[in-house]
1. Looking at (1) modelled with pLDDT of 85 or more; (2) within 17 Å of V15 (Cα to Cα); (3) of a type outside the set (D, E); (4) open to solvent by 40 Å² or more (accessible area, probe 1.4 Å), find the lone condition where G107 falls short.
2. Quick check: is even one residue across segment 49-60 within 19 Å of G118 (Cβ to Cβ), at pLDDT 85 or above and in contact with a Gly (Cβ under 7 Å, 6 or more places away or on another chain)?
3. Is it the case, given these coordinates, that A67 is at pLDDT below 85 and buried (at least 20 other Cβ atoms within 10 Å of the Cβ)?
Amino acid sequence: MKTLIRVLMSSVGLVATFYFVFWIPGSLVPLFGELRWLAVVVSLVSGIGVAWFVWTKTGTLPSTSVALCAGLGAALVGGTAFCLGFFGPIILAPEANQGPCLGFILGPLGIVVGALGGFLSARSAKLLSLIHI
């Protein structure tokens, strides 16, 4: 896979994971007092972990399993949908007070669509490889 595409996919995974891990647990547990740095560190480590996973797995895409393709599709499409839903309203309508909430709807929907797309893509590639024996 081309390096530029791998960099973009890894970056989307890093940003989406960072914001999701920072805001979801941060809103449920009041860590934003003296321990705000801990939420940032945990979110950054999680984002780097997802970026590393995407980087290593996209380099070996032709020979991957169905479950790996489904997981990678879920991470990429879900992360992209979350980023678009979260940052899009901030950029396009900054006066809207609930605009970024769209990311928390589009993110899980993107995960489901990406997992289904990755699963179908891997299954069709396996079926095509069986036909061309």
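1. (4)
2. Scanning segment 49-60 turns up at least one residue that is within 19 Å of G118 (Cβ to Cβ), at pLDDT 85 or above and in contact with a Gly (Cβ under 7 Å, 6 or more places away or on another chain).
3. Values: at pLDDT below 85: yes; buried (at least 20 other Cβ atoms within 10 Å of the Cβ): no.
The answer is no for A67.
The values are calculated or read from the model by the stated rules, or taken from the named source; none is laboratory data. Bear in mind the structure is a predicted one, so any value in this text is a computation, not a measurement. Here Cβ is always computed from backbone atoms with ideal geometry, including for glycine, and neighbour counts include all displayed protein chains. Quick note on the areas: whole protein, heavy atoms, side chains included, nothing else; ligands and nucleic acids left out. Shrake-Rupley method; radii C 1.70, N 1.55, O 1.52, S 1.80 Å.
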